[in-house]
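Quick notes on the structure that follows.
The values are calculated or read from the model by the stated rules, or taken from the named source; none is laboratory data. The structure displayed is predicted, hence computed values, not measured ones. Here Cβ is always computed from backbone atoms with ideal geometry, including for glycine, and neighbour counts include all displayed protein chains. These accessible areas exclude ligands, DNA and RNA; they are computed on the full protein's heavy atoms, side chains included. Shrake-Rupley method; radii C 1.70, N 1.55, O 1.52, S 1.80 Å.
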Amino acid sequence: MVGCRHDAHALTSQTGPEGTKQLLTQYGDRLVCVRYRYDTQRKKRFKTVEIIVAERDWEPPAPRFTADTIVGVRVGFAEADMRERVKQAGGKWNRRRKVWDMRYDQVVALKLEARIVEEEASHTRYQD
């Protein structure tokens with residue numbers, strides 16, 4: 001069984017405690033996770049299962065950018081700490097586009113993917 005996400009009011013079983021052995025027998029390799037949820041107001045415990053119901057081959061989409069692609073990233077004027085982190089990661093201010101140009105791998109490292117300005121991604125070094 002593969003582990004599953006823990007919720008605030010849930011306990012998760014990943015291997016065969018007594019409550020999961022029967023489910024493992026019933027579902028076999030399709031069983032992914034067993035979770036126990038508790039409702040304190042109604043004084044109830046719920047046992048839930050996550051099972052695999054279908055399987056097929058899948059190819060992940062190609063990455064939007066290669067690691068060395070230079071992309072524009074929007075950072076607000078008041079975000080001084082973020083601007084400093086971008087500079088430390090090699091970001092260069094692009095006056096024309098009013099964005100920080102930086103390598104995509106650094107954007108990912110700083111978790112700034114949502115701030116990418118889509119136009120004019122470049123595979124060349126910094127341009128002003």
Residue by residue through region 108-116, the couplings from Karplus 6.51 cos²θ - 1.76 cosθ + 1.60 with θ = phi - 60°, in Hz, x for Gly and Pro, are 5, 4, 8, 6, 10, 4, 5, 9, 5
Accessible area expressed per residue, region 52-100, with surrounding protein chains retained (probe 1.4 Å, Å²): 79
Which length gain, in nm to one decimal place, applies between Phe46 and Phe77 when the Cα-Cα distance is subtracted from 0.36 nm times their residue separation? 6.2 nm
Sites Glu84 and Ala62, calculated FRET efficiency, Cβ-Cβ separation with R0 35 Å, nearest 0.05: 0.60
Which of the lysines could a cross-linker bridge to Lys98, judged by Cα under 27 Å and excluding same-chain residues fewer than eight apart? Lys87, Lys111
Using amide H atoms built in the peptide plane, which far-off residues or other-chain residues are under 5 Å from Val75 H to H? Trp100
Taking all protein chains in place and a 1.4 Å probe, what share, in percent, of the accessible surface of region 19-128 do carbon and sulfur account for? 51
Need the full-extension length gain, Lys98 to Thr25, defined as separation in residues times 0.36 nm minus the C-alpha distance. One decimal, nm. 20.3 nm
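So what's the net charge close to Glu113: Lys and Arg +1, Asp and Glu -1, counting the other residues with Cβ under 12 Å from its Cβ?
Working: positive: Arg64, Arg74, Lys111, Arg115; negative: Asp105, Glu118.
Combined, the nearby Lys, Arg, Asp and Glu give +2.
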Just tell me which lysines come within less than 25 Å, Cα to Cα, of Lys44; anything on the same chain fewer than 8 places away is out. Lys21
